[in-house]
Amino acid sequence: MNLLRDELHAMADEAPHIDLTERAIRGARRRRVAGAALAVAAAVAVMTGGTAVLLGGGTGTGRSVTMAPATRDVTALPERGVGPLTHAYLSRCPMPRKPDDECVSGQWRVVTESGTTYALADTMGPDRTGRALRSPVAITKDGRRIAYYSERKQTFEVRDLASGRTWKAPLKVREGDFDGESFLRLSPDGMQLIYTNWSGMPKPYSVLVDMEKGRTTTLNATWYPVSVGDGGSPITLVKPSRVWIVGNRPVAVKNFPYEVSALGPDGRTLVRLGRYVDGRPTAISTFDALGGAEGPALRVTGLSDGMSLARLGGWVSDTEVALLAVPDRSEMESVLYAVNVHTGRARELRRFADFPAVLPGAAR
């Protein structure tokens, strides 16, 4: 990520903020994809009965539980009666393809805690050229509700997986609107949704949707959305070298705070990746999104050999934040850790046989 930081510094006085943000995010995405390319190869395991392992949980019990193998024949997500989700991923077909292979690449799949895999049939699938879908997905922190784009209704829906109840966003989003960078953020209770689109719609667009009341509030579209709390507050946004908890003054931070966690339980602390070696982050650091104070870089310890830090997510406790690590070798599994923000010590939460594109409560 040194290249990303250098690029941002060079761009700082040359373009408006929206151009800076768009270029930075796209650059970061390209580098993350390259770094995780080997991990993606493991996605086939999920579709062929691979086993994932749960090690401990949010309570820190350390109890080992083995997940049931993922479903071989993936069916559409049922309307109700579905347990909490562990993650969502994009399907990929093994290569080379057989002539009679009916495998579908680029489809959103979700996995439950029991290991059952479902297809999000209601949302956009691959287009006629085979390009992967572009509509974003978000999952609540407890895994019990999911937000996705309904191709039939041309808007976003939030679904309670157990009861089957759905809430429809009061805005129309066309399929062509996803031709640019778009992001979806969901509050812990699933009733507040942020949708941001930078380059697919006629102009940058960002909106907070109260799914229960059917109300929308326009947000500043030049900022990247990080997280939103229940009731629509606090809303955390970032852009190059600045962080903003809406309702307060934006604060300046050193470098670019892109790989950040969701806002902490205290309502002011964010965690980001830092201290890069050979282009890979090796440490975390905290910063105060209200006052601007930054903590020291803490080297992350406790990871399995051959793992690289990929991205941060929601908070597991008052002192731990979720961290996804991806393998350096294709035969290994991606791992979700809880990292102590005061010591940098990580403990394992869950292993994935595929590469999770979306995690419950994750910042991205």
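Given the criteria touching a strand residue (DSSP E or B) at 6+ places or on another chain (Cβ under 9 Å), open to solvent by 10 Å² or more (accessible area, probe 1.4 Å) and not in a strand (DSSP E or B), does Pro202 qualify? Full working, then the answer.
On the way: touching a strand residue (DSSP E or B) at 6+ places or on another chain (Cβ under 9 Å): no; open to solvent by 10 Å² or more (accessible area, probe 1.4 Å): yes; not in a strand (DSSP E or B): yes.
For Pro202, the condition - touching a strand residue (DSSP E or B) at 6+ places or on another chain (Cβ under 9 Å), open to solvent by 10 Å² or more (accessible area, probe 1.4 Å) and not in a strand (DSSP E or B) - is not met.
Counting just the residues of segment 240-266 that are closer than 26 Å to Thr301 by Cα and open to solvent by 20 Å² or more (accessible area, probe 1.4 Å), which one comes out farthest from the chain's Cα centre (by Cα)?
So in segment 240-266, the residues closer than 26 Å to Thr301 by Cα come out as 253-266.
The next check asks that each one be open to solvent by 20 Å² or more (accessible area, probe 1.4 Å); those that pass are 254-256, 263, 265-266.
Numbers: Lys254: 23, Asn255: 21, Phe256: 18, Leu263: 14, Pro265: 19, Asp266: 21 Å.
Ranking the candidates gives Lys254 first.
Let me spell it out: the conditions are (1) crowded, with 22+ Cβ neighbours inside 10 Å; (2) touching a residue at least 24 places away in the same chain (Cβ under 8 Å), and Leu237 meets all of them except one. Which number is the exception?
(2)
Can you report the number of residues in segment 275-291 which are touching a residue at least 12 places away in the same chain (Cβ under 8 Å) and more than 16 Å from Ala262 (Cα to Cα)?
Filtering segment 275-291 down to residues touching a residue at least 12 places away in the same chain (Cβ under 8 Å) leaves 275-276, 279-291.
Next, only the ones that are more than 16 Å from Ala262 (Cα to Cα) stay: 275-276, 279-283, 291.
So the count comes out to 8.
One line per residue, one yes/no per condition, for (1) out of contact with any helix residue (DSSP H, G or I) (no Cβ under 7 Å at 6 or more places or on another chain); (2) in a loop (DSSP other than H, G, I, E, B); (3) of a type outside the set (Val, Ile, Thr):
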site: Gly176; (1), (2), (3): yes, no, yes
site: Thr216; (1), (2), (3): yes, no, no
site: Pro225; (1), (2), (3): yes, no, yes
site: Asn255; (1), (2), (3): no, yes, yes
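Yes or no, residue by residue, for (1) modelled with pLDDT under 90; (2) of a type in the set (D, E, K, R); (3) over 19 Å from Val111 (Cα atoms):
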position	(1), (2), (3)
Leu303	no, no, yes
Met307	no, no, yes
Val316	no, no, yes
Glu320	no, yes, yes
Ala325	no, no, no
Leu336	no, no, no
Ala353	yes, no, no
Leu359	no, no, no
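Filter segment 128-177 down to the residues that are at pLDDT below 95 and of a type in the set (Lys, Arg), then identify the one that is surrounded by the fewest Cβ atoms within 10 Å (Cβ to Cβ).
Among those residues, the one meeting the criterion is Arg128.
Return the only residue of Ala297, Ala252 being within 16 Å of Val341 (Cβ to Cβ) and modelled with pLDDT under 95. Steps first, answer last, please.
Numbers: Ala252 fails: within 16 Å of Val341 (Cβ to Cβ).
The match here is Ala297.
Could you tell me how many of the residues in segment 178-189 are outside any strand (DSSP E or B), touching a Phe, Trp or Tyr at 6+ places or on another chain (Cβ under 8 Å) and either within 14 Å of Val137 (Cα to Cα) or at pLDDT 95 or above (or both)? Step through it out loud before you land on a result.
So the first thing to find is which residues in segment 178-189 are outside any strand (DSSP E or B), and the list is 178-181, 187-189.
Remaining after also requiring touching a Phe, Trp or Tyr at 6+ places or on another chain (Cβ under 8 Å): 178, 180-181.
Now restrict to residues that are either within 14 Å of Val137 (Cα to Cα) or at pLDDT 95 or above (or both): 178, 181.
The number of residues fulfilling the criteria is 2.
Could you go through segment 85-100 and let me know if any residue there is within 17 Å of Val358 (Cβ to Cβ), modelled with pLDDT of 85 or more and part of a loop (DSSP other than H, G, I, E, B).
Here is the first cut: in segment 85-100, the ones within 17 Å of Val358 (Cβ to Cβ) are 85-92.
Narrowing further to those that are modelled with pLDDT of 85 or more: 85-90.
Among the residues that remain, those that are also part of a loop (DSSP other than H, G, I, E, B) are: none.
No, every residue in segment 85-100 fails to be within 17 Å of Val358 (Cβ to Cβ), modelled with pLDDT of 85 or more and part of a loop (DSSP other than H, G, I, E, B).
Here is a yes/no grid of residues against (1) basic (Lys, Arg); (2) over 26 Å from Pro78 (Cβ atoms):
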{"position": "Arg159", "(1), (2)": "yes, no"}
{"position": "Ala162", "(1), (2)": "no, no"}
{"position": "Glu175", "(1), (2)": "no, no"}
{"position": "Ser199", "(1), (2)": "no, yes"}
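The values are calculated or read from the model by the stated rules, or taken from the named source; none is laboratory data. Everything numeric in this text was worked out from a predicted model, so none of it was measured. Positions of Cβ are backbone-derived with ideal geometry, glycine not excepted, and every protein chain shown enters the neighbour counts. The accessibility values were calculated without ligands, DNA or RNA, using every heavy atom of the protein model including side chains. Shrake-Rupley method; radii C 1.70, N 1.55, O 1.52, S 1.80 Å.
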